[in-house]
There are 2 protein chains.
Amino acid sequence: PGYGGFPENDPMWGYFRAVAGQDGEIDAEELQRCLTQCGFSGSYAPFSLETCRVMIAMLDRDFTGKMGFSEFKDLFTALNGWKQNFMMFDQDRSGTVEPHEMAQAITSMGYRVSPQALNGIIKRYSKGGRIFFDDYVACCVKLRTLTDNFRRRDVMQQGTVNFQYDDFIQCTMTI
Amino acid sequence: PGYGGFPENDPMWGYFRAVAGQDGEIDAEELQRCLTQCGFSGSYAPFSLETCRVMIAMLDRDFTGKMGFSEFKDLFTALNGWKQNFMMFDQDRSGTVEPHEMAQAITSMGYRVSPQALNGIIKRYSKGGRIFFDDYVACCVKLRTLTDNFRRRDVMQQGTVNFQYDDFIQCTMTI
Ligand SMILES: [Ca+2]
Ligand SMILES: [Ca+2]
Ligand SMILES: [Ca+2]
């Protein structure tokens with residue numbers, strides 16, 4: 001909560017409270033249950049626990065493994081964007097997008113990565129040569145988080161960052 | 001194959017051939033099937049596809065998403081080490097190790113990471129405050145790969161590396 005405004009007046013507040021339970025924060029299991037129950041994935045397979053953990057990690061700057069209300073709202077905004085994007089490419093609703101469409105999707109989100117990096121990313125998130133919704137979201141979450149982590153350190157916007165080992169491991173192992 | 005010696009004379013060669021099938025290489029689905037069928041996880045739950053992908057990515061330097069014979073053997077060596085380590089900590093065979101044991105395990109493997117990084121890593125790979133075998137292995141694989149990637153660039157062994165954005169994304173998104 002915070003930033004002025006009372007969360008109690010927010011239509012999502014009651015929903016958040018119900019999902020978060022006693023501790024007032026949402027962990028990966030609670031998030032998975034909530035996204036499954038609200039039918040977020042539609043005709044696509046529900047999110048795996050792994051992808052839910054990656055989502056929590058994206059927003060969890062204090063390493064509690066849980067998510068508060070404002071993060072919960074941010075997550076839904078991001079998820080809706082990625083879902084629209086995925087559905088745009090998956091016009092036959094087969095539940096998968098093809099590698100070349102995935103490359104277009106990543107580029108259209110504004111990431112500037114080499115063909116070699118794109119190729120590696122797509123291989124990593126494919127099953128049988130296609131990308132499913134769950135993996136697509138996991139990929140988007142990680143790419144956003146890693147890029148944010150990089151940019152935050154690239155204060156001069158030079159496109160390079162000097163990482164110490166411990167910082168590198170923290171940036172990459174917790175996502 | 002390679003490095004002299006004929007793989008045909010290796011007792012694991014026939015097994016590798018059977019798992020790899022027609023294309024002579026092992027992808028994540030084949031690896032998962034093989035580790036499940038050979039009962040590698042013992043009384044622990046079988047490996048998730050996600051962890052199998054991470055294992056392939058660890059050894060897959062050419063981004064084909066597949067593994068040849070020598071990588072297959074390297075993987076078994078590494079897996080056996082991690083399994084022994086995990087079982088040492090999980091003496092009651094409950095299938096989980098506790099956070100403080102996980103911290104000991106990581107430190108005993110020779111990784112020098114701050115308490116803050118350790119805490120973040122452990123949170124990321126826990127379920128309900130404990131670490132299961134599948135997640136333990138995924139964590140070990142990633143930590144090894146990321147550390148290897150870092151060291152390979154830290155030619156002067158200064159403990160710092162200057163990453164360009166594209167290289168950073170390749171190093172971290174493909175694992
Ligand atoms: Ca909760
Ligand atoms: Ca499709
Ligand atoms: Ca194969």
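The residues of the range A:150-175 that are open to solvent by less than 40 Å² (accessible area, probe 1.4 Å), in contact with a strand residue (DSSP E or B) (Cβ under 9 Å, 6 or more places away or on another chain) and within 28 Å of residue A:104 (Cβ to Cβ), listed by number, are A:150, A:154, A:159, A:161, A:171.
Of all the criteria given as (1) over 14 Å from the mean Cα position of the chain (by Cα); (2) at the interface with chain B (Cβ under 7 Å from one of its Cβ atoms); (3) under 27 Å from residue B:112 (Cβ atoms), the one not satisfied by residue A:146 is (1). Within this structure, residue A:91 fails the test of being within 16 Å of ligand 1 (Cβ to nearest atom), open to solvent by 60 Å² or more (accessible area, probe 1.4 Å), farther than 21 Å from residue B:49 by Cβ and not basic (Lys, Arg).
Within the range A:58-76, the set of residues being under 17 Å from residue A:148 (Cα atoms) and either modelled with pLDDT under 90 or open to solvent by 20 Å² or more (accessible area, probe 1.4 Å) (or both) comprises A:58, A:59, A:60, A:61, A:62, A:63, A:71, A:74.
Name the single residue, out of those in the range A:3-50 being of a type in the set (Phe, Trp, Tyr) and in a loop (DSSP other than H, G, I, E, B), that is farthest from ligand 1 (Cβ to nearest atom).
Pass one, the range A:3-50, residues of a type in the set (Phe, Trp, Tyr): A:3, A:6, A:13, A:15-16, A:40, A:44, A:47.
Filter again for in a loop (DSSP other than H, G, I, E, B), leaving A:3, A:6, A:40, A:44, A:47.
On the way: A:3: 22, A:6: 21, A:40: 18, A:44: 25, A:47: 17 Å.
The qualifying residue farthest from ligand 1 (Cβ to nearest atom) is A:44.
Quick check, is residue A:174 more than 7 Å from chain B (Cβ to nearest Cβ), within 16 Å of the chain's Cα centre (by Cα), β-branched (Val, Ile, Thr) and within 24 Å of residue A:47 (Cα to Cα)?
On the way: more than 7 Å from chain B (Cβ to nearest Cβ): no; within 16 Å of the chain's Cα centre (by Cα): yes; β-branched (Val, Ile, Thr): yes; within 24 Å of residue A:47 (Cα to Cα): yes.
Spelling it out, it is not the case that residue A:174 is more than 7 Å from chain B (Cβ to nearest Cβ), within 16 Å of the chain's Cα centre (by Cα), β-branched (Val, Ile, Thr) and within 24 Å of residue A:47 (Cα to Cα).
So in the range B:101-149, with the set limited to residues that are outside any loop (DSSP other than H, G, I, E, B) and in contact with a strand residue (DSSP E or B) (Cβ under 6 Å, 6 or more places away or on another chain), which one is surrounded by the most Cβ atoms within 10 Å (Cβ to Cβ)?
As a first pass, look at the range B:101-149 and keep what is outside any loop (DSSP other than H, G, I, E, B): B:101-108, B:115-124, B:127, B:130-149.
Narrowing the set further to residues that are in contact with a strand residue (DSSP E or B) (Cβ under 6 Å, 6 or more places away or on another chain) leaves B:102, B:130-132.
Numbers: B:102: 23, B:130: 17, B:131: 25, B:132: 21.
The selected residue is B:131.
The values are calculated or read from the model by the stated rules, or taken from the named source; none is laboratory data. Predicted model only: the values in this text are computed from it and were never measured. Cβ coordinates were reconstructed from backbone atoms using ideal geometry, including for glycine residues, and neighbour counts include every protein chain displayed. Surface areas here come from the heavy atoms of the whole protein model, side chains and all, with no ligands, DNA or RNA. Shrake-Rupley method; radii C 1.70, N 1.55, O 1.52, S 1.80 Å.
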